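Right, one structure below, let's go through it.
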Amino acid sequence: MFETLFKTLIKHAKLTLFISLSICVFLSFFASKLSVDASADSLLLENDEDLSFYRQINERYKSDDFLMIALRFKDENPFSEANLKMIQNLQNELEAIKGVQRILSIINAPLLTSKDNEDLKALLEHIPSLADEDINKSKAKAEILNSPFYQNNIISKDGKTTALIVYFEPNLAYLELIKERQNTTNEALKAQIQNKLDRISEQNKLENKTRLDTIKAITSHYEKQIGAIYLGGVSMIADDMISYIKADLWVYGVALSLLLTLVLWLFFRKISFVFLALLTCFVSLSVASGVFALLGFKITVISSNYLAFMLIISISLIIHLITHFIHLNKKFPKANSARLTLATLLAKLKPSFYAILTTAIGFLSLIFSNIEPIIKLGIMMSIGISISLVLSFVFFACLMPFFASKKLFEQSFNFGFLAWCANFSFRRKKLVFLVSVLCLIIAFFGILQLRVENSFVNYFKESSEIKKGLLVIDEHLGGTMPLEVVLRFQNKSLQATQDSFEDEFNALAEEKTYFFSADKIRLVKKVHDYFTQKEFVGSTLSLNSLLILGKSINEGKDLDDFALAFLYENLPLNFKNELLNPFVNVDENELRFVMRIKDSDATLQRNEFLKSINEELGTLLQGEALEFRLSGIMLLYNNMLQSLFASQFNTLVFVIIAIFALFVLVFKSFKLALVGILANIIPLSLVFAFMGFLGLSLDLMSITIAAICIGIGVDDSIHYIYRFKEELGKKSLQEALIASHLHIGSALFQSKVAIILGFSVMMSSNFIPTIYFGFLTLIVMILLLLGSLILLPSLLSSLRLQNKQV
């Protein structure tokens, strides 16, 4: 069937080329609609119960999207008249930006103890700030520096760094749709809601981009006068990550084009072959991008690497085809190009199909990771390389008869190396096996050292504006990683008795002003004090912050439940939203504690830290009529990190079992299948030893290395064993090994060089996990090449000596 198909393609090459290119252009048209998603949600576990709780808390407490702008003045005195005026001007300009809801800074921070001779009632009618002309500036500075609300939030402990917290208007429609999606079990309705969410998300992204660009333009104007300005916040990180992803895509495209052109020219010394290879690669890439857009995929910081993967795998595929064609041309110099093309297509069909199939299995194994962007990467790449396989054969059939001439260059610079590898693997088998065993032992101990600890701050380069901003906020303004604890008290209505007095009392207790009981005040102090003394916690805010503030305006006396109830009823709404509502939910009978953790601290062990909080709070609150639960981005991030080990194990087990089963099917031999797998697993295991001993933690990118590399690496085993079986029927074992090396070995060598160069480009990324991924994958590919050229023939020769039926 395939022979007829290929003959037809070759016979009607021009028509086939025209039709195939037309289809490719049509599908490529949609590539421009492929969007980028760098939201925090794209890095979280979608099925995480803690994520669902986090969204409930966000909705319940109306958590705001905000941007923190840290200012460090040249004279390190933000309270000087000139600097206060500069902050005021900057704040005025920022407040005029569309989408900015409000800004909190030392200029408009509510001050309760900085005005002389004013009673509480008068104070609540007009709460002063530094902007008031009659404010006592000395008292105001002291209050801001020592305020539980402002210290480590809008002013550093040493008073040298200040910050403006810019709150953005929430998108209520988006939040409502998220809630609807969570509450429905109807998959069709979920899909409709998701489409609406995608549209709103795209619109949000554009508006956020415009808003942040305006903010950056304004702050850059002030930077020379102020000294240093740093920006940090979820929306800022998302916007910068989108810029990084786009920059990476651009660099990968240009750098890989130049590198692959150079390598192909060195290999083949023929422009038409270089053109054929590059045309196949880039058309496959553009068609795949169009298909991804049609299927609704988005590019995340993880899946952005599909561009490099597609080019690398496509070039490897076409190199095998061209190399085999050159070999046939040399062997049959009188044969015409059309016949050689047909013979090449037929000879390489099965090994190429199985090679792509194993690579696709490697990528598909990522669906077991349970991490959305990694799953999407696996599906996208499986589709993409399937497109590459089809287009490689179609373009090769259409163009090769026109490109090829009688005399073709066949490189010889690596033949000596290939022959040496063949002889070494045949004559020094014991040494090869001894080294392999040592590799496995080293890998075993290295794997035991693997960790998943990763600071989000360290995902970015030292020179990046994101990291500079996050470090300043982390070190001087109370930390960057949000963590929350919610205390939920038992509902008094459930304890109602038949006693009329109790009923009446409980009804009274249901009134909002009676929420603030002495018992709750005792507990909030206890928990707040615990967090202020807890290592790694930079900033803690809760109802207790208001109690501390209230003590200062109550002649040094603690606020009691009646005073709190009075404040709850009489505090102006804007100040209530700043000082009370984020920490108290009377309707839900809840108290909320909001902390920020110093994420850049190298000694922070996130999982142990969160476990200790759960255990210590459990002990602290033992016997109390309440339940508590942790929430926040830190908890969700840690959940994702902890899932990496399981993801690594699941994907690796799946890919090994699936490829081994495929090998048994392809080679019709259990022993050959075992040899093919071992020749890849042993070199691959060394990368885990490398990571473990160097202290490189598993992250979102590195957990994909094993599955991807083994998927790509076994391609060589398939091509090699196929050729070895053919040669063995005509030659002795050693001659068959040498012949396989000289024929397939050269294609393996060339394709691996192209792959290694391709992965090396990823080290130019702005995202640290991608840099490590490129570096580690480069090492794995070199090890896999050595495994194919030395370990695989050693295993095959041993197998042959024991089993003449191979």
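Note down the nm distance, to one decimal, between modelled labels 7 Å out along Cα→Cβ at THR619 and at ARG428.
A separation of 5.9 nm, rounded to one decimal place.
Please give, to one decimal in nm, the separation of the simple spin-label points placed at GLN533 and ASN570, each 7 Å out from Cα toward the Cβ.
3.5 nm
Could you state the number of Å between the C-alpha centres of the stretch 123-188 and the stretch 448-476?
25 Å
Which lysines, if any, have their Cα less than 22 Å from the Cα of LYS534, not counting same-chain residues under 8 positions apart?
By straight Cα distance, LYS534 reaches LYS157, LYS520, LYS525, LYS526, LYS598, LYS611.
So what's the gap between the Cα centers of the stretch 513-533 and the stretch 581-649, to the nearest angstrom?
First find each Cα centre; the distance between them is then 18 Å.
Assuming R0 = 60 Å, can you tell me the calculated FRET efficiency for the pair ILE200 and GLU735, based on Cβ-Cβ distance, to the nearest 0.05?
Values: r = 67 Å, r/R0 = 1.12.
Working from the Cβ atoms, E equals 0.35.
Computed from these coordinates, which is Rg and Dmax of the Cα atoms in Å: (1) 34.9, 127; (2) 32.6, 109; (3) 29.6, 96?
Step by step, Rg and Dmax of the Cα atoms in Å for this structure corresponds to label (2).
Under a crude label model (7 Å from the Cα following the beta-carbon direction), how far is GLU453 from PHE18 in nanometres?
The modelled label-to-label distance comes out at 6.6 nm.
Can you tell me what the convex hull of the Cα atoms of the stretch 742-790 projects to on average, as an area in nm²? Please report the intermediate quantities before stating the final value.
Numbers: hull surface 11.9 nm².
So the Cα hull casts an average projection of 3.0 nm².
Given R₀ = 25 Å, FRET efficiency for LEU694-VAL435 by Cβ-Cβ distance, to 0.05? Don't skip to the end; give the middle numbers.
Numbers: r = 21 Å, r/R0 = 0.82.
Here the calculated transfer efficiency is 0.75.
Would you mind putting 327-336, 81-90, 717-726, 745-754 in packing order, based on average other-beta-carbon counts within 10 Å, highest first?
745-754, 717-726, 81-90, 327-336
Could you give the length gained on full extension between GLU3 and PHE353, defined as 0.36 nm per residue of separation minus the Cα-Cα distance, in nm?
Value of the extension gain: 124.5 nm.
Give the cross-link partners of LYS551 among the aspartates and glutamates, using a straight C-alpha distance below 15 Å as the criterion and excluding same-chain residues fewer than 8 apart.
ASP119, GLU143, ASP560, ASP561
So what is the accessible area of the stretch 668-806 per residue, in Å², with the probe set to 1.4 Å?
Working: 3930 Å² over 139 residues.
Solvent-accessible surface per residue comes out at 28 Å².
Using a cut-off of 13 Å between alpha-carbon atoms, which aspartates and glutamates can reach LYS216, once sequence neighbours fewer than 8 places away in the same chain are excluded?
Partners found: GLU93, ASP239, ASP240, GLU465.
Considering only protein heavy atoms and a 1.4 Å probe, what is the carbon-and-sulfur percentage of the accessible area of the chain? Please list the in-between numbers first.
On the way: 20710 of 34670 Å².
Carbon and sulfur: 60 percent of the exposed surface of the chain.
Pop the C-beta distance of ASN92 and LYS209 into the FRET formula with R0 = 30 Å and round what comes out to the nearest 0.05. Walk me through the numbers on the way to the answer.
Numbers: r = 23 Å, r/R0 = 0.76.
Between ASN92 and LYS209 the formula returns 0.85.
Show that you can apply the helix-only estimate: for the chain, add -39,500 (n - 2.57) for every DSSP H stretch of four or more residues, divide by all residues, and state [θ] at 222 nm to the nearest 500.
On the way: 29 runs with 518 residues, N = 806.
Theoretical 222 nm ellipticity from helices: -21500 deg cm²/dmol.
How high is the relative contact order of the stretch 672-784, in percent, counting Cα pairs under 8 Å that sit 6 or more residues apart?
Answer for the stretch 672-784 is 35 percent.
For a label point 7 angstrom out from the Cα of ALA131 toward its Cβ, which stretches of the stretch 49-86 have the backbone nitrogen within less than 17 Å?
Inside the label zone: 83-86.
Going highest first, how would you order 262-269, 665-672 by mean Cβ packing within 10 Å? Could you put the intermediate results ahead of the total?
Details: 262-269: 18.1, 665-672: 16.1.
Packing proxy ranking, top to bottom: 262-269, 665-672.
Treating only the Cβ atoms of Lys and Arg (+1) and Asp and Glu (-1) as charged, compute the dipole magnitude of the stretch 603-695 about its Cα centre; round to the nearest 20 debye. Could you put the intermediate results ahead of the total?
Values: 5 positive and 5 negative charges, 136 e Å.
Computed charge dipole of the stretch 603-695: roughly 660 debye.
With a 10 Å radius around each residue's Cβ, average the other Cβ atoms per peptide and rank 582-592, 186-196, highest first. Can you show the working numbers first?
Details: 582-592: 18.8, 186-196: 12.4.
Going from most to least packed, we get 582-592, 186-196.
Quick one: putting +1 on the C-beta of Lys and Arg, -1 on the C-beta of Asp and Glu, what dipole do you get for the stretch 588-634 around its Cα centre, in Debye to the nearest 20?
On the way: 6 positive and 9 negative charges, 43 e Å.
About 200 debye.
Scale the Cα Rg of the stretch 217-296 by the rule-of-thumb value 2.2 N^0.38 Å and send over the ratio, two decimals.
Normalised Rg, Cα atoms only: 1.76.
The values are calculated or read from the model by the stated rules, or taken from the named source; none is laboratory data. The model shown is predicted, which means the values in this text are computed figures rather than measured ones. Here the Cβ is made from the backbone with ideal geometry for all residues, glycine too, and neighbour counts use every protein chain on show. The accessibility values were calculated without ligands, DNA or RNA, using every heavy atom of the protein model including side chains. Shrake-Rupley method; radii C 1.70, N 1.55, O 1.52, S 1.80 Å.
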